[in-house]
């Protein structure tokens, strides 16, 4: 029973990683940018969620603002920060992104205070055991939300014309453009969707921890990079498998390896081991 | 990084402009104002500024006003040494206080020691800090000392036997756990299991699942409010109802805000008694809330105490010779918000440990640990 619980806890953590890392993957897949500031958008989702909830008392409104608001900020970041330097070598946007991320963290601290923000009336905290599995309501919502959001993304990219245009641009941007697809709009869409997922993850984690801190994104900023490398850079399916496996490995590792390695070290040991066997990550290709 | 530097520059300019024209006595102060420890840094800075303001309102030091020279160390050891050098050489401070964590304080302590400038650690608890030498003091408990107090509290006062230890894997958590484990058996405690987590962890699902299976009588968990808040709330909602015993890292209203109803009944060892009758503690509690708009916490109280010790030493020394200041600090006998302060040979503070409990959404008196043999810090 304990093993099953640890496994479920791992999937839970993994689905949060997945929400964050999928956004990073689709940005990388399209533009070959390592978008570190994605973790800053995730934090912003946490702030939007808690601030809107504390003012209005509505979780749904909080969730909408967290997702759509962060989605719009994602587009703004692309337009102001990345688009002007797209023709530069890849390390230029990477450095810009790291700088932007640090600036975002400090800006949150100045705007919202260094002590962090908590829910005045924390929602979804009650235990809801289902079939012997002890999870809080918020944790069930986390699992459900990641299935719905990532499933929705899969549906969008496989079953709609929009998704077709998107995939075509990822495969061959020039060819897609010659068929009348506007690459700029595809990029906006890309950042919008990726940032929506990050915003949702930020809000969820804010509820689970009942704490939104300026530095909330610092661990995801590098762990999500490890996950997308594990998943084979640019592969959404690979990212999902990598995120969930990492969650499970961390969950068992915290208990059985905790005295030797901390959670973050476990992630990178796993990364090194996988890359030794499969240098291109667990999956390659979309 | 550039952004942080500009911020630091602006803030130091801001802090120094107001008073730098006057003939003042400078106290150096390193504190984390940005980065992950910025919340504690804000409390520390407010505690220090309040102490300076109070000292200046009561005549300063021999007619001179006191000025706090503040630098942001981001709680990072690599920032702390250059800051210590700048304080000593550029600002020419003759005494300094650390309002920061163990890492930077430990790094800076060596620099102050070799320059012969007295340096007080306000709330950093690593044992090696005062071992830097005779110019380094500490006005809060060492981690080991507080860990021993935790063992007495759980084993003797509360009479719990089977205990799970959850340890924050940094020098704070490690030294608390070391002190706790060293004394546990003497108070009849059996440690069922120990789990470790890192300072960036906020999700404790796996540990909660395992602790539920361990069925302990009590949990000794080290951490800061931002880790302990989520931990306690996840333990409670995960169906673990054993009492949680923490330490000064929990101490503040923020822990209660994060953990909400789960915070009720949590007990900690710390240095500030909210229900104290001591006029020092009472006046600090009300003045601090007026001054900063926040409720008091351990960090602000400890930093306030450290500055107060410095001011008293400056007044007593009557000169700004570092040697005379060092001597005056070592002879401190002072009642501060955190209790009666005096130092042993190593520069470690000797005082009682206050035990506080959360009741009705606030910290309250639980008991006081006065066993001076158990609480004796090492002399070397």
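What follows draws every value from the coordinates through simple rules; no lab data is involved. Please read all numbers here as calculations on a predicted model, not as lab measurements. Don't worry about glycine lacking a Cβ; one is built from the backbone with ideal geometry, like all the others, and counts go over all protein chains shown.
How many percent of Cα pairs in segment A:2-217 exceed 21 Å? Taking all Cα-Cα pairs of segment A:2-217, the fraction more than 21 Å apart is 56 percent. Between the helical axis of B:225-237 and the longest alpha-carbon principal axis of chain B there is an angle of about 10 degrees.
Compactness of segment A:142-286, taken as the C-alpha radius of gyration over 2.2 N^0.38 Å, stands at 1.19.
Got a sec? Which residues in segment A:86-110 would a label at residue A:79 touch, if it sits 7 Å along Cα→Cβ and we count backbone N under 20 Å? Counting only backbone N, you get A:86-87, A:97, A:100-101, A:104. Rounded to the nearest 10 degrees, the inclination of helix B:205-214 to the longest alpha-carbon principal axis of chain B is 50 degrees.
Summarised as an ellipsoid, the protein assembly as shown has semi-axes of 46, 30, 21 Å, derived from the eigenvalues of the Cα gyration tensor scaled by 5 and square-rooted, with the largest first. On full extension, the segment bounded by residue A:161 and residue A:98 gains 19.3 nm, given 0.36 nm per residue less the C-alpha separation. Counted residue by residue at 0.36 nm each, then reduced by the alpha carbon distance between them, the extension gain from residue B:359 to residue B:85 reaches 94.1 nm.
The order of the peptides B:325-332, B:184-191, A:198-205 by mean Cβ neighbours within 10 Å, most packed first, is A:198-205, B:325-332, B:184-191. Site pair residue B:344 and residue B:323 shows an inter-label distance of 2.8 nm when each label is modelled 7 Å from Cα along Cα→Cβ. Here the contact order of segment A:2-217, divided by its residue count and restricted to Cα pairs under 8 Å and six or more residues apart, works out to 41 percent.
How large is the convex hull of the Cα atoms of chain B per residue, expressed in Å³ as a whole number? Display every interim value, and only then the final one.
Values: hull volume 46.4 nm³, N = 380.
So the per-residue Cα hull volume is 122 Å³.
Say R0 is 25 Å: what FRET efficiency, to the nearest 0.05, do residue A:260 and residue B:193 get from their beta-carbon distance? Could you put the intermediate results ahead of the total?
Values: r = 15 Å, r/R0 = 0.61.
Approximately 0.95, to the nearest 0.05.
The C-alpha atoms of chain B define a longest principal axis, and helix B:171-184 lies at about 50 degrees to it. So what's the gap between the Cα centers of segment A:1-32 and segment B:21-77, to the nearest angstrom? Rounded to whole Å, the Cα centres lie 44 Å apart.
Here the simple spin-label model places points 7 Å from the Cα toward Cβ, and for residue B:290 and residue B:182 these points are separated by 4.2 nm.
How big is Rg to Rh over segment A:105-177, alpha-carbon atoms, Rh as the Kirkwood inverse-mean-distance radius? Let's see the in-between values first.
Values: Rg = 20.3 Å, Rh = 16.5 Å.
Rg/Rh for segment A:105-177 comes to 1.23.
Between A:196, A:55, A:150, the residue with the greatest mean-square fluctuation in the GNM of chain A (Cα pairs under 10 Å linked by springs) is A:55.
Counting neighbouring Cβ atoms within 10 Å and putting the fewest first, the residues A:56, B:58 line up as B:58, A:56. For the segment A:106-118, counting C-beta atoms of other chains within 10 Å of every residue's C-beta and taking the mean gives 5. Under 10 Å, Cα contacts only: if you run a Gaussian network model on chain A, which one of A:39, A:224, A:265 comes out with the highest mean-square fluctuation? With Cα springs under 10 Å in chain A, the top fluctuation among A:39, A:224, A:265 is at A:265.
Inter-chain Cβ neighbour count for B:27-40, averaged per residue, equals 3 (cutoff 10 Å, partner chain atoms only). Compute the separation of the alpha-carbon centres of segment A:111-151 and segment B:230-263 and state it in Å as a whole number. Using only Cα atoms, the two centres lie 17 Å from each other.
Where does chain A land at 222 nm, in deg cm²/dmol rounded to the nearest 500, when only DSSP H runs of n ≥ 4 count, each adding -39500 (n - 2.57), divided by all residues? Provide the component values of the computation, followed by the final result.
On the way: 12 runs with 201 residues, N = 286.
Dividing the helical sum by the residues of chain A leaves -23500 deg cm²/dmol.
For chain B, the relative contact order comes to 16 percent (Cα pairs under 8 Å, sequence separation of at least 6). Whole Å is fine, so just give me how far the alpha carbon centre of segment B:304-380 lies from that of segment B:128-203. Value for the Cα centre distance between the two parts: 20 Å.
From other protein chains only, count the Cβ atoms within 10 Å of every residue's Cβ in B:231-240, then give the mean. Present the calculation step by step, with values, prior to reporting the outcome.
Numbers: counts 1, 0, 7, 6, 0, 2, 12, 7, 3, 1.
Average per residue, whole number: 4.
For segment B:265-380, the relative contact order is 31 percent, taking Cα pairs closer than 8 Å that sit 6 or more residues apart in sequence and dividing their mean separation by the residue count.
If R0 is 30 Å, what FRET efficiency do you get for residue A:137 and residue B:157 from their C-beta distance, rounded to 0.05? Walk me through the numbers before you get to the answer.
Numbers: r = 36 Å, r/R0 = 1.21.
Taking R0 as 30 Å, the efficiency between residue A:137 and residue B:157 is 0.25.
Comparing mean-square fluctuations of B:115, B:107, B:75 from a GNM of chain B with C-alpha springs under 10 Å, the top value falls on B:115.
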